[in-house]
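Worksheet: one structure, shown below.
The values are calculated or read from the model by the stated rules, or taken from the named source; none is laboratory data. Keep in mind it's a predicted model, so treat the numbers as computed, not measured. Cβ placement follows ideal geometry from the backbone for every residue including glycine, while neighbour counts extend to all protein chains displayed. All accessible areas refer to the heavy atoms of the entire protein, side chains included, with ligands and DNA or RNA removed. Shrake-Rupley method; radii C 1.70, N 1.55, O 1.52, S 1.80 Å.
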Amino acid sequence: MHLIRRNRILRQSPAIRAMVAETILRPSDFIAPLFIIEGSGIKEEIPSMQGYYRRSIDLTVQEVKELWAMGIKSVLLFIKCKDELKDNRGTEALNPDGLMQRSIRAIKDACPDVVVMTDVALDPFSTYGHDGIVEGSEIVNDATVEVLAKMSVSHAQAGADIVAPSDMMDGRILAIRDALEQSGYAKTGIMAYSAKYASCFYGPFRDALDSAPGFGDKKTYQMDYANRREAIKEVLMDVEEGADIVMVKPAMAYLDIIREVRDNVDVPVSAYHVSGEYAMIKAAAKMGWLDENKAIMESLTSIKRAGADLIATYFAKDAVKLING
Ligand code: PBG
């Protein structure tokens, strides 16, 4: 054969492949989600997320120090609220001395440079496991947004750098930006879960926080996975309302959405590699059906290649170890 172009030339050795690799993962790409519980000295494995844990504040602080030392710049905090503190209005979410607020303070005290992001949504605090206030069988929008704005201010007050509303109510980004401005938190950022789909891949997360919806599903606020144009509408509105970072969630089944969002906005785009995506890799690896490390790197690289500037992933630590060889 006489060929003018031989594409295999640039694939022939690890050195050449490394030279021409278009997508390179780095520790600062990752946001590490953390699950926090009351108590001290507690580290308990989440059954449906093997190798991932809920920790009390003291051990969370240790973990954050470790993540920081590895080059991971940000953590995303979720708390598991005690049942007796749950109600329909997210009262506990506004407690200045609540588990979230104490966690933020403890982490910022011990590790002031780490970027602390906090989950803003009512589901962990809701007797109904819904992301908003329930009236009848409806998850009401405007009353929920008021609570979310107060919750954001409360997190900012405790020292959060970036609040991350994961609720999908309409108008919450504007309300949160407004509330932060009015309360003097002009430097607190917003990472909006803008294109968050109603997905079965959140299952293990709901086990982790005991936050599964008590009735119905989340389809009246989270997006229909059949839709793509709607994701662009959502992110553009959130950017207009003041989002500093927009998110697509989940990640692996939504790579087309990540790419389309990346091409349509000029703010950083994050993608959430969610609990079910973690659990699938873990389970297949445990069965000996997949090479876990290779699956982690291929998945995360694909998410970045699709256009994610930041990736929230339960594999953050594993990935950094793999990057460093
Ligand atoms: C709820 C919330 C969910 C996740 C993050 N915030 C679950 C849901 O919407 O029911 C899922 C994260 C994951 O699955 O890893 N506000």
Residue check, Glu277 within 16 Å of the ligand (Cβ to nearest atom), charged (D, E, K, R) and either surrounded by 16 or more Cβ atoms within 10 Å (Cβ to Cβ) or assigned to a helix (DSSP H, G or I) (or both): yes
Subset of region 75-121 [outside any helix (DSSP H, G or I), closer than 16 Å to Ala164 by Cβ and more than 15 Å from the chain's Cα centre (by Cα)]: Gly90, Val114
Arg206, sole failed condition from (1) away from the ligand (no atom under 16 Å from the Cβ); (2) part of a helix (DSSP H, G or I); (3) out of contact with any strand residue (DSSP E or B) (no Cβ under 9 Å at 6 or more places or on another chain): (1)
Subset of region 209-223 that is of a type outside the set (A, V, I, L, M, F, W, C) and within 24 Å of Val267 (Cβ to Cβ) - its residue that is farthest from the ligand (Cβ to nearest atom): Tyr221
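Based on what the data block shows, is Lys187 part of a loop (DSSP other than H, G, I, E, B) and in contact (Cβ under 8 Å) with a residue 40 or more places away in the chain? Before the answer, list the steps.
Values: part of a loop (DSSP other than H, G, I, E, B): yes; in contact (Cβ under 8 Å) with a residue 40 or more places away in the chain: no.
No; evaluated as a whole, the condition is false for this residue.
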Long-range neighbours under 7 Å by Cβ, at least six apart or interchain, first residue modelled with pLDDT of 95 or more and of a type in the set (S, T, N, Q) within region 40-64, second buried (at least 18 other Cβ atoms within 10 Å of the Cβ) and in a strand (DSSP E or B): Ser40/Ser56; Ser56/Ile37; Thr60/Leu34; Thr60/Ile36
Of the criteria (1) assigned to a helix (DSSP H, G or I); (2) more than 15 Å from the ligand (Cβ to nearest atom); (3) open to solvent by 10 Å² or more (accessible area, probe 1.4 Å); (4) touching a residue at least 12 places away in the same chain (Cβ under 8 Å), which one Phe201 fails: (2)
Pairs, first more than 13 Å from Met169 (Cβ to Cβ) in region 120-131, second near the ligand (Cβ under 10 Å from one of its atoms), C-beta under 7 Å, six or more apart: Pro124/Phe78; Pro124/Leu209; Pro124/Ser211; Tyr128/Pro213; Gly129/Asp123; Gly129/Ser211; Gly129/Ala212; Gly129/Pro213
Given (1) charged (D, E, K, R); (2) more than 15 Å from the ligand (Cβ to nearest atom); (3) farther than 30 Å from Ala149 by Cα, index of the condition Lys233 fails: (3)
Where a residue in region 297-319 is closer than 15 Å to Ser74 by Cα and its partner, wherever it lies, is open to solvent by 40 Å² or more (accessible area, probe 1.4 Å) and basic (Lys, Arg), with Cβ under 7 Å and at least six apart: Ile311/Lys304
